[in-house]
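Down below is the structure, laid out as structure tokens.
The values are calculated or read from the model by the stated rules, or taken from the named source; none is laboratory data. Values in this document were obtained by computation on a predicted structure and should not be read as measured data. We place every Cβ from the backbone using ideal geometry, glycine too, and count neighbours over all the protein chains shown. Just the protein is used for accessible areas: all its heavy atoms, side chains included, with ligands, DNA and RNA removed. Shrake-Rupley method; radii C 1.70, N 1.55, O 1.52, S 1.80 Å.
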Amino acid sequence: SYSNFGRHEVRGKLADHTVDFAHNNDNQDEEGKKKLALYTMREMEKSLEEAPLDFRNYLYFANFLGNAGEALALSEIDALNKADAALQKAQELGPDKQILYIQWSRVKFSLSDYAGAVPLLEKLVALSPDIVDSNTKLAHAYAKTDARDKALAIYRGLVQEQGLNVQNYIDIAIGFVEAGEKEEAIQTARKIKELDPSLNEKADQFIASLK
């Protein structure tokens, strides 16, 4: 029986456990993985039936599908499409929830649906404009949908910001390459060398590949 913690929360924890179990390479019990995944999916579906207006249940379900599809014997596309549908319902219930747009944009990227990711990331940036990762992902989506000028505007704005970490600069350097601006990518790579000398060799290789 479920504790007072709440059956929906317990099912969410069950989903997390199932995902961990499904991705445990040391565990070769494929039949056990499948049975647990199917049981968990039925439990998650019960949560949707019992509380169809609970925003969290759709997030739990989408996250589960996106991470345990193989154990469910679903193709990656089928699992992601189901997750996409669940998140569309979640948007109806919580249109201003930051976590929704983070999770949903990841699903869109996994589906290579960059046009679909753009409005989600635009909403995410509008909700939290200072999150660098959200901005770089939006720029990447712009570049993938031929909105090159919009992508470059974001990257050029970001490199002027203070407090960026090395990974931010790596993402921006790659973004400049995608947008066709090799010289700006090289300048960004040189900034990486300043911030982390241990990456000098990799940065030099990156720069050499652009010349």
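Structure data summary
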read-out	value
Condition met for G6 (modelled with pLDDT of 80 or more and open to solvent by less than 60 Å² (accessible area, probe 1.4 Å))	no
Given (1) of a type outside the set (D, E, K, R); (2) under 26 Å from Y39 (Cα atoms); (3) open to solvent by 20 Å² or more (accessible area, probe 1.4 Å), number of the condition L72 does not satisfy	(3)
Subset of the range 40-66 [at pLDDT below 90 and of a type in the set (S, T, Y)]	T40, S47, Y60
Scan of the range 82-99 for residues that are touching a residue at least 40 places away in the same chain (Cβ under 8 Å) and either in contact with a His (Cβ under 9 Å, 6 or more places away or on another chain) or within 20 Å of D16 (Cβ to Cβ) (or both), ordered by number	K97, I99
Lone unmet requirement of (1) at pLDDT 95 or above; (2) within 28 Å of Q162 (Cβ to Cβ); (3) among the hydroxyl-bearing types (S, T, Y) for S128	(1)
Selected residue (only one of P119, P95 is out of contact with any helix residue (DSSP H, G or I) (no Cβ under 7 Å at 6 or more places or on another chain), outside any helix (DSSP H, G or I) and not hydrophobic (A, V, I, L, M, F, W, C))	P95
Selected residue (criterion: most open to solvent (accessible area, probe 1.4 Å)) from residues of the range 166-191 that are among the polar types (S, T, N, Q) and over 19 Å from the mean Cα position of the chain (by Cα)	Q187
Flag if I154 is open to solvent by 60 Å² or more (accessible area, probe 1.4 Å), of a type in the set (A, V, I, L, M) and either assigned to a helix (DSSP H, G or I) or closer than 30 Å to K33 by Cβ (or both)	no
The range 192-203: number of residues that are in contact (Cβ under 8 Å) with a residue 12 or more places away in the chain and open to solvent by 50 Å² or more (accessible area, probe 1.4 Å)	1
Residue within the range 103-113 that is farther than 30 Å from E76 by Cα and among the acidic types (D, E) present	no
Some residue of the range 41-56 being open to solvent by less than 60 Å² (accessible area, probe 1.4 Å), among the small types (G, A, S), touching a residue at least 24 places away in the same chain (Cβ under 8 Å) and within 30 Å of N135 (Cβ to Cβ)	no
Filtered residues of the range 59-81 (kept if under 16 Å from the mean Cα position of the chain (by Cα) and farther than 15 Å from T18 by Cβ)	L59, E76, I77, L80, N81
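Yes/no matrix, rows are residues, columns are (1) modelled with pLDDT under 85; (2) open to solvent by 70 Å² or more (accessible area, probe 1.4 Å):
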site: D16; (1), (2): yes, yes
site: F21; (1), (2): yes, no
site: D26; (1), (2): yes, yes
site: K34; (1), (2): yes, yes
site: A68; (1), (2): yes, no
site: L100; (1), (2): no, no
site: Y114; (1), (2): no, no
